[in-house]
Amino acid sequence: MRKSSDPDLELRGKLIRGLGSLREMLPGSFVERKRACGRPNCHCADGKNLHSQFQISVLVDGKPKALNIPAELAVKVREKIEMRRHFDSAAATICRLNLKRFLKEKETR
Ligand SMILES: [Zn+2]
């Protein structure tokens with residue numbers, strides 16, 4: 001049996017190859033806040049049609065920050081933050097597979 005037909009190795013290879021597509025990932029979490037701007041004649045004055053304020057909530061040098069995101073970048077930023085989740089999930093799976101392989105290898109020594 002060739003090693004490459006091992007389903008664990010195939011999965012690991014697939015995950016590793018997929019990491020390149022996540023290189024634009026961003027840290028933190030995406031936040032959408034609703035707020036009134038305070039202008040009495042604005043559509044938000046009724047308290048229902050509020051403005052959206054998009055932010056990245058993130059640690060910068062260990063301190064929590066809320067960074068404002070222009071509305072036109074909100075979709076992209078949300079995707080990039082989502083990439084981090086995929087990255088973490090792939091890393092966890094790769095580590096799980098490697099641990100399993102390591103323990104197996106250890107036993108057969
Ligand atoms: Zn307003």
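The values are calculated or read from the model by the stated rules, or taken from the named source; none is laboratory data. Here the structure is a predicted model, which means the values were calculated and not measured. Positions of Cβ are generated from backbone atoms using ideal geometry, with glycine treated the same way; all protein chains shown enter the neighbour counts. Remember, those area values only see protein heavy atoms, side chains included, never the ligands or the DNA or RNA. Shrake-Rupley method; radii C 1.70, N 1.55, O 1.52, S 1.80 Å.
Annotations for the structure displayed:
- All conditions in (1) open to solvent by 100 Å² or more (accessible area, probe 1.4 Å); (2) free of Cβ contacts under 8 Å to residues at least 24 places away in the same chain; (3) part of a helix (DSSP H, G or I); (4) among the charged types (D, E, K, R) hold for residue 78, with the sole exception of (2).
- Residue 85 being open to solvent by 60 Å² or more (accessible area, probe 1.4 Å) and either in contact with a strand residue (DSSP E or B) (Cβ under 9 Å, 6 or more places away or on another chain) or over 19 Å from residue 22 (Cβ atoms) (or both): no
- Of all residues in segment 1-57, those that are surrounded by fewer than 13 Cβ atoms within 10 Å (Cβ to Cβ), within 11 Å of the ligand (Cβ to nearest atom) and part of a helix (DSSP H, G or I) total 2.
Rundown of residues vs (1) touching a Lys or Arg at 6+ places or on another chain (Cβ under 9 Å); (2) free of Cβ contacts under 8 Å to residues at least 12 places away in the same chain, yes/no style:
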position: 28; (1), (2): yes, no
position: 35; (1), (2): no, no
position: 42; (1), (2): no, yes
position: 49; (1), (2): no, yes
position: 87; (1), (2): no, no
position: 100; (1), (2): no, no
position: 109; (1), (2): no, yes
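- Condition check for residue 73: out of contact with any Lys or Arg (no Cβ under 8 Å at 6 or more places or on another chain) and open to solvent by 60 Å² or more (accessible area, probe 1.4 Å): yes
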